[in-house]
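Engineer: I am attaching a structure below and will ask some questions about it afterwards.
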């Protein structure tokens, strides 16, 4: 299915507004601005995935937005656009068993730090979606609803979401009957019914499923 992305004056204006934080950072002398976001904090199964994206000063990718506002087809299309046009992309994955050991918030921080470490250039400032990372010697700007307000964070949200969805889709083939392609590991009514009927899998987060 072909994906249509409008690139008209309205879209250019929207993208420009989403670079407000990035433009301020460039004005302050920063060169490598990394946006960070994650996917998979809430599901009952699978990893949490974080992405760090450095877009580059003049890089505008039409259609990039908070991943939750995009269809799966648009996310897949924009994933490839970001991978092709971004200056650098880093991805961090923390599996279900580590989530159970350290809790989901700490696992998210671990995934974000791993994503930063995978960047080919060391960022000199980080834009994050409403979180701050401890023990990271890089200036940080936490932005509430950052995935809607910062182009770099929005790009990271798309990369993290698509990467995680791909992992979960593989589970669908390994564990038939659980319908992972449909619910992506989240606690939907159908997923919970499948767990009650078929039992917990090795990929289920025990700390998230103990009351099922």
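Since every read-out is calculated from the coordinates, none of them should be taken as a lab result. None of the values given here were measured: they were computed from a predicted structure. Positions of Cβ are backbone-derived with ideal geometry, glycine not excepted, and every protein chain shown enters the neighbour counts.
Engineer: Neighbouring Cβ atoms within 10 Å as the yardstick, rank 168, 174 fewest first. Can you show the working numbers first?
Structural biologist: Values: 168 23, 174 11.
So the residues, fewest neighbours to most, are 174, 168.
Engineer: Compare 170, 31, 81 in a GNM of the chain, Cα atoms joined below 10 Å, and give the one with the largest fluctuation.
Structural biologist: Looking only at 170, 31, 81, the largest GNM fluctuation is found for 170.
Engineer: Which shape class, rounded, prolate or oblate, goes with the range 1-67 when its Cα gyration tensor gives a ≥ b ≥ c as root eigenvalues, a/c under 1.5 marks rounded, and past that a/b bigger than b/c marks prolate?
Structural biologist: Note, shape of the range 1-67 comes out oblate.
Engineer: Using the Kirkwood formula over every pair of different C-alpha atoms, what hydrodynamic radius in Å results for the range 92-160?
Structural biologist: On the way: mean 1/r = 0.0787 Å⁻¹.
Value: 12.7 Å, from the Cα pair sum.
Engineer: Related question: Write down the percent of antiparallel bridges among all DSSP beta bridges whose residues are both part of the range 9-209, to the nearest 5. Kindly include the intermediate steps, with their values, before the conclusion.
Structural biologist: Details: 14 of 22 bridges.
Close to 65 percent.
Engineer: Test of understanding: in a Gaussian network model of the chain with alpha carbons linked when under 10 Å, which of 179, 13, 22 would top the mean-square fluctuation ranking?
Structural biologist: Greatest mean-square fluctuation among the candidates belongs to 13.
Engineer: Can you quote the Å³ per residue value for the convex hull of the Cα atoms in the range 75-201, rounded to an integer?
Structural biologist: Measuring per residue, one finds 129 Å³ for the Cα hull of the range 75-201.
Engineer: With springs connecting C-alpha atoms under 10 Å apart, model the chain as a Gaussian network and identify which of 62, 202, 123 has the largest mean-square fluctuation.
Structural biologist: The residue with the greatest mean-square fluctuation here is 202.
Engineer: Per Stokes-Einstein, at 10 °C and 1.306 mPa s, what whole-number D in µm² s⁻¹ belongs to the range 52-136, with the Kirkwood radius over Cα pairs as the hydrodynamic radius?
Structural biologist: Details: Rh = 14.4 Å.
Answer from the Stokes-Einstein relation: 110 µm²/s.
Engineer: For helix 189-198, report the angle its Cα long axis makes with the longest principal axis of the Cα atoms of the chain; keep it between 0 and 90° and round to the nearest 10°.
Structural biologist: Approximately 40 degrees, to the nearest ten.
Engineer: For residue 135 and residue 41 in one chain, what is 0.36 nm times their gap in residues minus the Cα-Cα distance, to one decimal in nm?
Structural biologist: 31.7 nm
Engineer: Let me ask you something else. For residue 211 and residue 144, FRET efficiency with R0 = 25 Å and r from the beta-carbon atoms, rounded to 0.05? Don't jump to the answer; show the numbers that get you there.
Structural biologist: Details: r = 30 Å, r/R0 = 1.22.
Efficiency, rounded to the nearest 0.05: 0.25.
Engineer: Turning to a different aspect of this structure: Checking a compactness column here: for the chain, what do you get for Rg(Cα) / (2.2 N^0.38 Å), N being the number of residues? Present the calculation step by step, with values, prior to reporting the outcome.
Structural biologist: On the way: Rg = 17.7 Å, N = 212, 2.2 N^0.38 = 16.8 Å.
Cα-based Rg divided by the globular estimate yields 1.05.
Engineer: Still on this model: With each run of n ≥ 4 DSSP H residues scored as -39500 (n - 2.57), what mean residue ellipticity at 222 nm is computed for the chain after dividing by its residue count and rounding to the nearest 500 deg cm²/dmol?
Structural biologist: Only helices count here, giving -13500 deg cm²/dmol.
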